[in-house]
1. Do you know which residues across the stretch 30-71 are part of a strand (DSSP E or B) and either more than 24 Å from residue 349 (Cα to Cα) or modelled with pLDDT under 95 (or both)?
2. Do you know which residues across the stretch 428-449 are over 20 Å from residue 230 (Cβ atoms) and either in contact (Cβ under 8 Å) with a residue 12 or more places away in the chain or within 26 Å of the chain's Cα centre (by Cα) (or both)?
3. With respect to residue 160, is the statement that it is crowded, with 18+ Cβ neighbours inside 10 Å, on the phi < 0 side of the Ramachandran plot and modelled with pLDDT of 95 or more true?
4. Which of the residues that make up the stretch 293-318 are touching a strand residue (DSSP E or B) at 6+ places or on another chain (Cβ under 8 Å), surrounded by fewer than 18 Cβ atoms within 10 Å (Cβ to Cβ) and not in a helix (DSSP H, G or I)?
5. Would you kindly identify the helices (runs of 4 or more DSSP H) lying entirely within the stretch 195-269 that contain at least 3 residues that are under 23 Å from residue 381 (Cα atoms)?
6. Test of understanding: among 259, 208, 227, which residue is crowded, with 18+ Cβ neighbours inside 10 Å and within 30 Å of residue 166 (Cβ to Cβ)?
7. Give the residue, chosen from 337, 403, that is in contact (Cβ under 8 Å) with a residue 60 or more places away in the chain and farther than 23 Å from residue 199 by Cα.
């Protein structure tokens, strides 16, 4: 079995292949399972880049970054005995899936806490920068920061950010665009803030870390809007993202009022390890053992209850490795990390396609350890993330078709996503118009006392969060002519999302060709792991 890379197709990269008559079927995620499908001759398949080799000595690289920062004094030179320091860390929304222990945040925190102790800094708090995400559980935090730090600091000095705490938030001012800048009071009152970041994709990090991670609802309202989403030509290129521009304005005000020392990291895309490592290969390169492994996994998953399948996937950590770490001032640090993430993820591609195919996996940034990838999160993975995995222009043409595979079960986690349930069942039957939803209902959900209490005391996402998930797909909805889901186990969910259904991939492709023409060009995004396209 083989794949061809003909010059006539304009392939620019070894990760772009074109299916010929002898090619093997392609694998794609289908929730907590896999599909293995034959694709039409001429289909272009885009594979992720191979993982960049990890740094040979991560601890040495971290120490070097702290001692040789970008446009800043070394961290040790910023420390004085008795000062107040707040360390903020990214939450469980990244990396996806969670990485093998030790998490890179644990490694960095160990080094930073040792440095603080050596310089007589005892007033130290660590805040998980959740923004309006759910509170992490104690076990999740322990896994992220390590046993030593958790046992020494939780819960008094290691805790989740609370964006709804009236005593714990402070308004720093407004930007020139009248955007409210509200942040965590402990951080604002500190002599130094150290932010520990994982830059999983280029829209992470930079000013987003403090400006969003420690903000409140009124600040988030400035840029988490349908208008900002549609005006962002590419989420993955901050220079062309209206959302990123707003976040940068807010972050700059934060930097004016607070002394922030950023530690940003980039990881490779070594998502699958051990027995699952074959999933990172091109199927044409599978060995006989790889094929047997895949058949065994498929056989097992099809005979396993969905809840247990989900548990199995959630329990398999990723073997991500550190490939870059930089520290210092916000913008120069972020620029260097962005360059490294683009090097890992970006695949040059010649031309847009008429029909784009993508599997939807079991996990998103917003359902780690949840009971389901609920319909709103299926939608945000398709139209919010995978549609936007490009820099220069969308991979699919204006008015084109996107085909996704997922069971689209009407299933929600009532602990993590209570406001999602009301949004989906009460609001979407009335309207899918993001602008109407924003104007008519967003504040109602955001200030609902029950949702606030579940966010503050439980492990629920903020009441406004399902609105943001819906807005995140707005650019995709306006750009695409049709979205077709393969294998939905019900008709209700696709109908509410505004999608069409197909029982098989071949049926979905026929529907797409009916919309775009019999000669429609087809491209499949073969992920995860993460990949981005540079369309020329």
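The values are calculated or read from the model by the stated rules, or taken from the named source; none is laboratory data. These numbers come from a predicted model, not from an experiment. Quick reminder, even Gly has a Cβ in these numbers, built from the backbone with ideal geometry, and neighbours come from all protein chains shown.
1. 30, 31, 34, 35, 36, 37, 70
2. Once the filter is applied, which keeps residues that are over 20 Å from residue 230 (Cβ atoms) and either in contact (Cβ under 8 Å) with a residue 12 or more places away in the chain or within 26 Å of the chain's Cα centre (by Cα) (or both), the stretch 428-449 yields 429, 443, 445, 446, 447, 448.
3. In short, yes.
4. 317
5. 208-213, 226-230, 242-257
6. 208
7. 403
For (1) under 30 Å from residue 305 (Cα atoms); (2) surrounded by fewer than 24 Cβ atoms within 10 Å (Cβ to Cβ); (3) at pLDDT below 95; (4) assigned by TED's automatic domain parsing to the domain that holds residue 481, each residue gets a yes or a no:
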{"site": "376", "(1), (2), (3), (4)": "yes, no, no, yes"}
{"site": "379", "(1), (2), (3), (4)": "yes, no, no, yes"}
{"site": "383", "(1), (2), (3), (4)": "yes, no, no, yes"}
{"site": "391", "(1), (2), (3), (4)": "no, yes, yes, yes"}
{"site": "397", "(1), (2), (3), (4)": "no, yes, no, yes"}
{"site": "402", "(1), (2), (3), (4)": "yes, no, no, yes"}
{"site": "406", "(1), (2), (3), (4)": "yes, no, no, yes"}
{"site": "411", "(1), (2), (3), (4)": "yes, yes, no, yes"}
{"site": "415", "(1), (2), (3), (4)": "yes, yes, no, yes"}
